[in-house]
1. Please count how many residues of region 226-238 are more than 10 Å from the ligand (Cβ to nearest atom) and surrounded by fewer than 23 Cβ atoms within 10 Å (Cβ to Cβ).
2. Of the conditions (1) closer than 24 Å to Gly119 by Cα; (2) assigned to a helix (DSSP H, G or I); (3) in contact (Cβ under 8 Å) with a residue 60 or more places away in the chain, Arg245 fails just one. Which one is it?
3. List the strands (runs of 3 or more DSSP E) that sit entirely inside region 1-65 and contain at least 3 residues that are touching a Gly at 6+ places or on another chain (Cβ under 7 Å).
4. Condition first: of a type in the set (Ser, Thr, Tyr) and closer than 20 Å to Leu229 by Cα. Now tell me which residues in region 91-110 satisfy that.
5. Among residues belonging to region 122-142 that are under 26 Å from Cys41 (Cα atoms) and in contact (Cβ under 8 Å) with a residue 40 or more places away in the chain, point out the one that is surrounded by the fewest Cβ atoms within 10 Å (Cβ to Cβ).
6. Residues in region 33-44: is at least one more than 22 Å from Ile160 (Cβ to Cβ), surrounded by fewer than 18 Cβ atoms within 10 Å (Cβ to Cβ), over 15 Å from the mean Cα position of the chain (by Cα) and away from the ligand (no atom under 16 Å from the Cβ)?
7. Kindly indicate the residue of region 66-104 that is in a loop (DSSP other than H, G, I, E, B) and among the aliphatic types (A, V, I, L, M) and also surrounded by the fewest Cβ atoms within 10 Å (Cβ to Cβ) among those meeting that condition.
8. State which residue pairs qualify: first residue free of Cβ contacts under 8 Å to residues at least 60 places away in the same chain and of a type in the set (Asp, Glu) and inside region 86-105, second residue surrounded by fewer than 22 Cβ atoms within 10 Å (Cβ to Cβ) and part of a helix (DSSP H, G or I) in any location, beta carbons under 7 Å apart, and separation of 6 or more residues or different chains.
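The values are calculated or read from the model by the stated rules, or taken from the named source; none is laboratory data. This is a predicted model, so every value here is computed, not measured. Cβ: placed from backbone, ideal geometry, glycine included. Neighbour counts: every protein chain shown.
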Amino acid sequence: MRVPMIAGNWKMNTTVSEAVELVTKMRHELDGIDNVDKVICPPFVSLAAVGELIKGSSIKLGAQNIYFEEKGAYTGEISPLMLAELCEFVIIGHSERRQYFNETGEIINKKIRAALKVGLKPILCIGERLEENEAGKTEEVVTEQLRSSLAGIDYSSGLIIAYEPIWAIGTGKAATGEQANETIGLIRHNIAKLYGNRIAQDVRILYGGSVTAANATEFISQPEIDGGLVGGASLKADQFLSIVRQTSEIRR
Ligand code: PEP
């Protein structure tokens, strides 16, 4: 049985004090929910403060990005070694990074290698653009993204995949549960081709794209979907708590 995961991607939101305030509101209740992995991914600058607040709890911490070199003259970048002291997970290949920071499959591949090398668990994001979806190219696009991101990388049990159709991110226009379930089934099939069927059955694949408290059940109740990567709704304590609570109830 795959343990469901709900991960909150706060993106470039919250100051350190706002991050502390938001986690303080959710900490007690989140800690009490034991059949779901709850991951919070605040901005880099808040990782240490949030880490202190959740120390000793069942809440886990993730970063939103990583650089692939361990150290050196890369002004402004954050290295895998720095993150490994602070958190357990790292989001890699988010579509906003592909779109605004020109991250290619090759760069994402290097970042995944770098994360795994220091024991960080990557949450690899893949997903198609609206025009690709409308042209019926979803399978082709996600298959290629998976291939280039994971090329030459041995399977690690830390790997998590998030299927995030770009047209659904931050738009309020979520996929349907059936659509997401079907594509995630295809992704799992591709993982089986890369790493074998047993591993494909172990890998957690999340859905992301306008998940809210109002639609979470539609996704979580699908057999292939192992949880959610939640953006906007993870910045509201009541929404995030409700999504985690619903996941817990459905999977109990
Ligand atoms: C995301 O940032 O990964 C995301 C899915 O955002 P939203 O939930 O706001 O669509």
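1. As a first pass, look at region 226-238 and keep what is more than 10 Å from the ligand (Cβ to nearest atom): 226-227, 236-238.
Those left that are additionally surrounded by fewer than 23 Cβ atoms within 10 Å (Cβ to Cβ): 236-238.
Final tally of qualifying residues: 3.
2. If we test Arg245 against (1) closer than 24 Å to Gly119 by Cα; (2) assigned to a helix (DSSP H, G or I); (3) in contact (Cβ under 8 Å) with a residue 60 or more places away in the chain, just (1) comes out false.
3. Working: elements: 5-9, 37-41, 59-63.
Those strands (runs of 3 or more DSSP E) span 5-9, 37-41.
4. Our first condition is that a residue be of a type in the set (Ser, Thr, Tyr); within region 91-110, this holds for 95, 100, 104.
Across region 91-110, the qualifying residues are Ser95, Tyr100.
5. Among those that are under 26 Å from Cys41 (Cα atoms) and in contact (Cβ under 8 Å) with a residue 40 or more places away in the chain, it is Val142.
6. Within region 33-44, the first condition is being more than 22 Å from Ile160 (Cβ to Cβ), and the residues that meet it are none.
No, because not a single residue in region 33-44 is more than 22 Å from Ile160 (Cβ to Cβ), surrounded by fewer than 18 Cβ atoms within 10 Å (Cβ to Cβ), over 15 Å from the mean Cα position of the chain (by Cα) and away from the ligand (no atom under 16 Å from the Cβ).
7. Taking region 66-104 and keeping what is in a loop (DSSP other than H, G, I, E, B), we get 66-79, 85-88, 93-94, 101-104.
Filter again for among the aliphatic types (A, V, I, L, M), leaving 66, 73, 78, 86.
Numbers: Ile66: 25, Ala73: 6, Ile78: 17, Leu86: 16.
The qualifying residue surrounded by the fewest Cβ atoms within 10 Å (Cβ to Cβ) is Ala73.
8. Final answer for the pair search is Glu103/Arg97.
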